[in-house]
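Trainee: Have a look at this one.
The values are calculated or read from the model by the stated rules, or taken from the named source; none is laboratory data. Remember, predicted model here, so these are calculated numbers, not experimental data. Cβ atoms come from the backbone with ideal geometry, glycine included; neighbour counts cover every protein chain shown. Ligands, DNA and RNA are stripped out before the accessible areas are found, and what is left, the full protein with its side chains, is counted by its heavy atoms. Shrake-Rupley method; radii C 1.70, N 1.55, O 1.52, S 1.80 Å.
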Amino acid sequence: TQIILDIRAKTEGLKVAQDALEYAAEVGVKSSLRYAIQLLTPANVMAQIHGRDEIHKEDMLETGDLFFDTKKSVAIVEATESLFL
C-alpha cells in the first residue's frame, strides 16, 4: 500500500514526508486505497496553505477531517436519517 501511494505521489509531483506516507498507508488499509490516494492532492493544498512544499501527517489528518470515506459518510447519513423519521 505504501509503495503504491509513493508511486502515485511521485506521478503527481507531490512531496510526501515519511510520516504522512505511513499514515496514508494506514488509511488505505483501514478504509480503502482509493480514499487514501484521493487525500493526497487536497493534503498538498493544506501543506501549501501552511507554507510547506511537502505533505506532513498533520496535513493528511486535517484533510481527512474535511473529506470522509464511504463508511463514515454512510454512518453520518444513517445517524441523521433517524432524526427525520
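So that you can scan it fast, the table gives a plain yes or no per residue for (1) modelled with pLDDT of 95 or more; (2) open to solvent by 30 Å² or more (accessible area, probe 1.4 Å):
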position	(1), (2)
Gly13	yes, yes
Ala25	yes, no
His50	yes, yes
Glu54	yes, yes
Leu66	no, yes
Lys72	no, yes
Ile76	no, yes
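Trainee: Which residues, counting only those in segment 27-44, are touching a Gly at 6+ places or on another chain (Cβ under 9 Å) and open to solvent by 90 Å² or more (accessible area, probe 1.4 Å)?
Mentor: Scanning segment 27-44 gives a single hit, Arg34.
Trainee: So, one more: Write out, first by first residue and then by second, each pair whose Cβ atoms fall under 6 Å of each other, whose residues are 6+ apart or on separate chains, and whose first residue, in segment 21-34, is closer than 15 Å to Thr63 by Cα and hydroxyl-bearing (Ser, Thr, Tyr) while the second is surrounded by 14 or more Cβ atoms within 10 Å (Cβ to Cβ) and at pLDDT 95 or above.
Mentor: Close Cβ pairs satisfying both conditions: Tyr23/Lys57; Tyr23/Met60.
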